[in-house]
Amino acid sequence: MNTQVTLAGVTLKNPVMTASGTFGSGMEYSEFVDLNKLGAVVTKGVANVPWPGNPTPRVAEVYGGMLNAIGLQNPGIDVFLERDIPFLGQYDTKVIVNVCGRTVEDYVEVVERLGEERTAAMLEINVSCPNVKEGAIAFGQKADALYHITAEVKKHAKQPIIMKLSPNVTDIGEMARAAEAAGADALSLINTITGMKIDIHRRQFVLANRTGGMSGPAIKPIAVRMVYQAAQATKLPIIGMGGIASADDAIEFLLAGASAVSVGAMNFVDPCITEKVVKGIEEYMERYQVEDIRDLIGAVHE
């Protein structure tokens, strides 16, 4: 039974990875999850300088999921290269580094710093975080801006680049085509959906940022639909994410056209969820006598 998948020339032992921002940089979950059993670890966003993130409170539970307005808090590329990359290099799993920035130059600086890091197999370019006012809105929600930043990053990247798409757009197919035309090697989607929660007793916004990114099981049907549309619009490999809480959810994304999946919010509910999804996919393949997982990709029938 073959569970290997290949994304832009990078082969993963299975299609299950972690969603950026929900798994730290691997070290934080290594006591709960055998990182060697995952297809890839996707790190929290890394910027060229340390980011403090948004003011608190910045996380709120909502029906069917959670809102977050962390604001991509991270210690910056220097700490990442000194602390996190050596740790991840000890494991037999692929490492995908999520890159964030406020300007094109910020992204390029981080991409160049990572160019010689052999541990970093791929780069996921986060141009669609709804909680960062600078850059993300302009890059992630306008096709021409997405094309521009994709093309610029691609000029400097030595690893394959994955463009992470926002669901907060009118036409996800248009955005997918723009990234493909600019030279992206793969796509990941969806990022969180912009939402809001109000405390009716205090008559105040629950999040200091007012809005936050909605994640969790409630967004899965939207995510599956958008992955399907992106798969129809481009030939790029797609990493599907958004509300995956079980192996069944992951398989749904594969059938819709994703070549791999990322598990996000559920890591906070069950820190062992990624390993369970890997095992569940294997059990599904045995049950339905699927010898090669690639036979499931895009295999939904009309």
Check: If you look at just the Cα atoms of the range 168-238, how large are its Rg and its Dmax in Å?
Finding: 15.8, 50
Note to self: Among DSSP bridges having both ends in the chain, what percentage is antiparallel? Round to the nearest 5.
What the structure shows: 40 percent
Check: Which lysines, on any chain, are close to LYS276 with Cα under 30 Å apart, when same-chain ones fewer than 8 places away are left out?
Finding: LYS13, LYS37, LYS44, LYS94, LYS164, LYS220, LYS235
Notebook entry, point to check: So what is the 222 nm mean residue ellipticity for the chain from helices alone, if each DSSP H run of at least 4 adds -39500 (n - 2.57) and you divide by all residues, rounding to the nearest 500 deg cm²/dmol?
Noted result: -8500 deg cm²/dmol
Notebook entry, point to check: Quick one: what does P(r) look like for the chain with 10 Å bins over all Cα pairs, in whole %?
Noted result: 7, 30, 38, 21, 4, 0
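Compute the signed sum of charges (Lys and Arg +1, Asp and Glu -1) over the other residues within less than 14 Å, Cβ to Cβ, of HIS301.
On the way: positive: none; negative: GLU252, ASP295, GLU302.
Net charge around HIS301: -3.
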Margin query: Normalised radius of gyration for the range 237-302, please: alpha carbon Rg relative to 2.2 N^0.38 Å, two decimal places.
Written below: 1.07
Check: Can you work out the base-10 log of I(q)/I(0) for the range 204-274 at q = 0.14, 0.15 1/Å, using the Debye formula on its C-alpha atoms alone?
Finding: -0.47, -0.53
Notebook entry, point to check: Can you give me the pair-distance distribution of the range 1-81, C-alpha pairs, 10 Å bins, whole percents?
Noted result: 15, 35, 35, 14, 1
Next item on the list: Have a look at SER215, ILE162, GLY26 and report the one farthest towards the positive end of the charge dipole of the chain, computed about the Cα centre with Cβ charges (Lys/Arg +1, Asp/Glu -1).
Entry: SER215
Next item on the list: Give me the distance between the Cα centres of the range 229-302 and the range 9-25, rounded to whole Å.
Entry: 12 Å
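Any idea what the dipole of the chain comes to, in debye rounded to 20, about its Cα centre with Lys/Arg Cβ at +1 and Asp/Glu Cβ at -1? Don't skip to the end; give the middle numbers.
Details: 27 positive and 35 negative charges, 159 e Å.
In total the dipole reaches around 760 debye.
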Check: Can you pull out the trypsin sites (Lys or Arg not before Pro) in the range 195-253 that DSSP calls coil and that have at most 16 other Cβ atoms within 10 Å?
Finding: ARG202, ARG203, ARG210, LYS235
Check: Which whole-number percent of Cα pairs in the range 44-177 have a distance greater than 26 Å?
Finding: 25 percent
Checklist line | Antiparallel %, DSSP beta bridges [both residues in the range 1-144], to 5 | finding: 45 percent
Check: Once Lys and Arg get +1 and Asp and Glu get -1 on their Cβ, which of ALA151, ASN126, LEU189 lies farthest toward the positive end of the dipole of the range 94-240?
Finding: LEU189
Next item on the list: Evaluate the charge dipole of the range 120-270 about its Cα centre and quote only its size in Debye, nearest 20, assuming +1 on the Cβ of each Lys and Arg and -1 on the Cβ of each Asp and Glu.
Entry: 400 debye
Item checked: Neighbour net charge for VAL97 - beta-carbon separation under 15 angstrom, K R +1, D E -1 -> -3
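Where a number appears in this text, it was derived from the coordinates with a stated rule and is not lab data. Model, not experiment: these values are computed from the prediction. Glycine also receives a Cβ, built like all others from the backbone with ideal geometry; neighbour counts cover every protein chain displayed.
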